[in-house]
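Scroll down for the structure; my scribbles are underneath it.
The values are calculated or read from the model by the stated rules, or taken from the named source; none is laboratory data. Bear in mind that the values here come from a model prediction, so they are computed numbers and not experimental data. Cβ placement follows ideal geometry from the backbone for every residue including glycine, while neighbour counts extend to all protein chains displayed.
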Amino acid sequence: MQRRHFLASATALTLPTAFGTSFAQAPTTPPGNALIIGCSAALTGPLGDLGKGIQRGVNAAFAEVNEKGGINGRPLFYSLIDDAYKAESSVDNVKQLLSNSKVMALMGCMGTPNNTAFTPLIEASDIVHLGPLTGAASLRKPSIKNVFHVRASYTDEVKRLVDNLVSMNLRDLTIAYLDNGFGKELLQVSLDALSEKGIKALAQVAVATDGKNVDSAVSEILASKPSALLLFTAGNVSGVLTAAARKVSPGLPIAGLSVTYTAASITQLGDTASGIALTMILPDAMSAKHVIVRRYQKAMRALDQTEFDPGSLEGYVNAQLMIEALTKAGANPSRSKIRDAIGDIRNLDLGGFRVDFSSPSTHVGSNYVNLGVLSRNGRFIG
């Protein structure tokens, strides 16, 4: 990540439009012989756009398989239940999914506080949870046996971000974090990373999940006079806070994580998004450099999905691993067979992104972290 790109401004932001031959749209109810993969995630509320992105990517991957007859003649179906990013709702959803014997596995359940709440239920069951949408270190313990993480950890992301900012001599940093378990864990990770560099944050500003204190948070951030803002929020509030901060201080450098913004919030920010630095836990969803991205884009076009974004790419990648496991589980798959098949994935190259679950201590498939800066057209530079 180059300093001049991080500090640069741009004019207009647009997302690419793509067209292609369409598959049948994803069914709204599962066929009787379907292999059902369950999920609790936000489709409404502050992180609704993130959940919708994951759902689009999974549906695109499953549609590819279903168009070819499914797996051993059985179609795939993604049963995603909305929890609006409320932990108590996600617990109820997971209980419902676990009680349904037709649900073969869970995939892509969203949120650090949510996963913290329902992971004990998963551990007490015979079901596997693949690719949770969280990078929290607190959920990556050797004692957790039924959860397999695909994405790199938030600790990896934060350390990479801090290292680069400090290397650019941006040391006067203020941290804004979401006022929940997700944000508080990232706050501590970032404070530790800064401490290793001999740096103290100028200010630590808590932001309500519903954004009700954005104005006061922005005032506190700008009063600290940072050389850059570390933004550890997620969902709609990230866009609202960024717009408010840059309205007062247009040149404020902002750096966040892979989950900080949704594609919709970047679009809504328009010019204001230019120059924002973000970590990336997958290759760029808008670049056709890697095979896995080209496959993803083709599958999205086939469902008339014209926007390519990190969330739907993550859903697509997770789905490829689930498809691999379902195939290996054979003609009579069970929850335990699917779990074992996922655990047996070794150095699997999906076409520019590798996943390996061979680590005996934690089930983490990738430590891929890259950095990008948004350019004038909404794409990552370079």
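Can you spot a residue in the range 358-377 that is buried (at least 20 other Cβ atoms within 10 Å of the Cβ), out of contact with any His (no Cβ under 9 Å at 6 or more places or on another chain), assigned by TED's automatic domain parsing to the domain that holds Phe62 and in a loop (DSSP other than H, G, I, E, B)? Among the residues of the range 358-377, not one is buried (at least 20 other Cβ atoms within 10 Å of the Cβ), out of contact with any His (no Cβ under 9 Å at 6 or more places or on another chain), assigned by TED's automatic domain parsing to the domain that holds Phe62 and in a loop (DSSP other than H, G, I, E, B), which makes the answer no. The condition of being buried (at least 19 other Cβ atoms within 10 Å of the Cβ) and on the phi > 0 side of the Ramachandran plot holds for only one of Gly108, Gly73, that being Gly108. For the range 328-356, filtered to residues that are within 25 Å of Leu161 (Cα to Cα) and in contact (Cβ under 8 Å) with a residue 12 or more places away in the chain, the residue that is surrounded by the fewest Cβ atoms within 10 Å (Cβ to Cβ) is Arg354.
Taking the listed residues Thr242, Thr233, Thr209, Thr174, the one that is at pLDDT below 95, of a type in the set (Val, Ile, Thr) and within 24 Å of the chain's Cα centre (by Cα) is Thr209, with no other qualifying.
Scanning the range 197-208 for residues that are under 22 Å from Leu161 (Cβ atoms) and outside any strand (DSSP E or B) gives Lys197, Gly198, Ile199, Lys200, Ala201, Leu202.
Could you count how many residues in the range 134-170 are within 20 Å of the chain's Cα centre (by Cα) and more than 27 Å from Pro226 (Cα to Cα)?
Of the residues in the range 134-170, the ones within 20 Å of the chain's Cα centre (by Cα) are 134-141, 146-162.
Right, trim to more than 27 Å from Pro226 (Cα to Cα) and you get 134, 137-141, 146-152.
Summing the residues that are within 20 Å of the chain's Cα centre (by Cα) and more than 27 Å from Pro226 (Cα to Cα) in the range 134-170 gives 13.
With the condition kept exactly as written, say whether any residue in the range 134-144 is in contact with a strand residue (DSSP E or B) (Cβ under 7 Å, 6 or more places away or on another chain), assigned to a strand (DSSP E or B) and either over 23 Å from Pro360 (Cβ atoms) or of a type outside the set (Val, Ile, Thr) (or both). No; the residues of the range 134-144 include none that is in contact with a strand residue (DSSP E or B) (Cβ under 7 Å, 6 or more places away or on another chain), assigned to a strand (DSSP E or B) and either over 23 Å from Pro360 (Cβ atoms) or of a type outside the set (Val, Ile, Thr) (or both). Against the numbered list (1) of a type in the set (Val, Ile, Thr); (2) in contact with a helix residue (DSSP H, G or I) (Cβ under 6 Å, 6 or more places away or on another chain); (3) over 25 Å from Ala264 (Cβ atoms), Val166 comes up short only at (2). Exactly one residue out of Leu229, Leu194, Leu165, Leu186 is within 22 Å of Tyr85 (Cα to Cα) and either touching a strand residue (DSSP E or B) at 6+ places or on another chain (Cβ under 9 Å) or not in a helix (DSSP H, G or I) (or both): that is Leu186. Exactly one residue out of Leu194, Leu202, Leu178 is touching a residue at least 24 places away in the same chain (Cβ under 8 Å) and touching a Pro at 6+ places or on another chain (Cβ under 6 Å): that is Leu202.
For first residues located in the range 246-274 and under 15 Å from Leu229 (Cβ atoms), partners that are outside any helix (DSSP H, G or I) and among the aromatic types (Phe, Trp, Tyr) and lie 6+ apart or on another chain with Cβ distances below 7 Å form the pairs Leu257/Phe232.
The single residue among Arg56, Arg74 that is in contact with a strand residue (DSSP E or B) (Cβ under 8 Å, 6 or more places away or on another chain) and either in the same structural domain as Ala331 (by TED's automatic domain parsing) or at pLDDT 95 or above (or both) turns out to be Arg74.
Restricting attention to the range 273-303, the residues that are at pLDDT below 95 and surrounded by fewer than 17 Cβ atoms within 10 Å (Cβ to Cβ) add up to 3. Taking the criterion of being over 17 Å from the mean Cα position of the chain (by Cα), surrounded by fewer than 21 Cβ atoms within 10 Å (Cβ to Cβ) and not in a loop (DSSP other than H, G, I, E, B), the only residue of the range 31-63 that qualifies is Ile36. Do the conditions hold for Gly270, that is, is it surrounded by 21 or more Cβ atoms within 10 Å (Cβ to Cβ), at pLDDT below 95, more than 16 Å from the chain's Cα centre (by Cα) and on the phi > 0 side of the Ramachandran plot? No; evaluated as a whole, the condition is false for this residue.
Quick grid of which residues meet (1) in a helix (DSSP H, G or I); (2) among the hydrophobic types (A, V, I, L, M, F, W, C):
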position	(1), (2)
Val237	yes, yes
Ala243	yes, yes
Gly251	no, no
Ala255	no, yes
Thr260	no, no
Ser265	yes, no
Gly270	yes, no
